[in-house]
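Notes to accompany the following structure.
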Amino acid sequence: MITLYDLGPVYFEDKGLSPYVRTIRYSFSPLSSNLSSPTIFPRFALNYKKIPYKDIQIPISEVKSTAKSVGAPPTSTKPDGSPKYTVPFIYDSTTGKLVSDSFLIAEYLDEAYPDTPRIVPLGMRVLQAIFCQTMVSAFVPIYPAIQPATEAQWMPKEFVEDLVRLDSRRSTASALSVEEEAAAWGQTRAALGEIALAYGTRAAEDSAFVMGGSTPTYADIAFTSFLWWVRTVYGEDSEIWGGIGGVGEGIIGKLCQDTLAHCKE
């Protein structure tokens, strides 16, 4: 049995906060210091592979102590050189392995469970990583908008208080103006539009998966984790989600829909 460690408590229907846990967090990300981002990748990956798991939700303030107590390795280093611990991390009681970082977890699941659908195609590690880096960068502009919306709707008061204690800048940060927020969403739509151009002449009714074909890869699941975040926070019928999902003649929304069809419980 796999134990998945995620942030919590939160009010999301399928538990867990970070889009990184839903994809199994990607440690290169410039967003790694934004602890309130949804960690959804590992859940999607485990669901896709149909590997049984249980989850343990831990407060942000206890990520380091919990990781150290179970022996989960750090995912990076802080500016002062000390180790940095983040979610997600997993413990596999079948093999006795502890693994941190979304991409490493994905590779571990492919290796430890070879009879399940492969997430990282052979020989495609670098290309998957480069795509994910580009994809995550596309969402950077909307962080100042979506984080407050996430905190207001989906986080208990004590969770937000923990965030403020860990990052004092949150208590003094001013909200975006209407104009600034509109500009941020415009930047993200434009960046996603550049990604959509890579699909070439493929129409939205064709395969929306990054590598084509009929099954998703790490890149698709990671991308969908962030798209899921937007869709969940603002609602499937919202103007914001319509603007994001409609990018590339609807191929971005189709990617989300088709990937979720494989990865939801």
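The values are calculated or read from the model by the stated rules, or taken from the named source; none is laboratory data. Keep in mind that what you see is a predicted model, and the values were worked out from it rather than measured. So basically every Cβ, Gly included, is an ideal-geometry build from the backbone, and we count neighbours across all protein chains shown. These area figures cover heavy atoms from the full protein model, side chains too; ligands, DNA and RNA do not enter into them. Shrake-Rupley method; radii C 1.70, N 1.55, O 1.52, S 1.80 Å.
For this structure, a couple of remarks:
- Net charge dipole, region 81-150: roughly 220 debye, given to the nearest 20, about the Cα centre with Cβ charges of +1 for Lys and Arg and -1 for Asp and Glu.
- In this label model, A261 and E158 are separated by 4.1 nm, measuring between points 7 Å along each Cα→Cβ vector.
- Summed side-chain charge close to G242 - residues other than G242 whose Cβ falls under 15 Å, Lys, Arg +1, Asp, Glu -1: -1
- Rounded to the nearest 20 debye, dipole of region 180-251 from Cβ charges on Lys, Arg, Asp, Glu: 200
- Here K54 sits with roughly 110 square angstrom of accessible surface, probe radius 1.4 Å.
- Peptides 177-184, 253-260, 95-102, 46-53 ordered by average Cβ neighbours within 10 Å, highest first: 253-260, 95-102, 46-53, 177-184
- Counting only heavy atoms of the protein chains and using a 1.4 Å probe, V210 has close to 40 Å² of accessible surface.
- Among 238-249, 132-143, sorting by the average number of other beta carbon atoms lying within 10 angstrom of each residue, highest first, gives 132-143, 238-249.
- Only protein heavy atoms count here; on that basis, with a 1.4 Å probe, I130 has an accessible area of about 90 Å².
- A full extension of the chain between K64 and A112 corresponds to an added length of 14.7 nm, given 0.36 nm per residue minus the alpha carbon distance.
- Highest average packing first - 120-128, 105-113, Cβ atoms within 10 Å: 105-113, 120-128
- Environment charge of T3, counting only residues whose C-beta is closer than 13 Å and scoring Lys/Arg +1, Asp/Glu -1: 0
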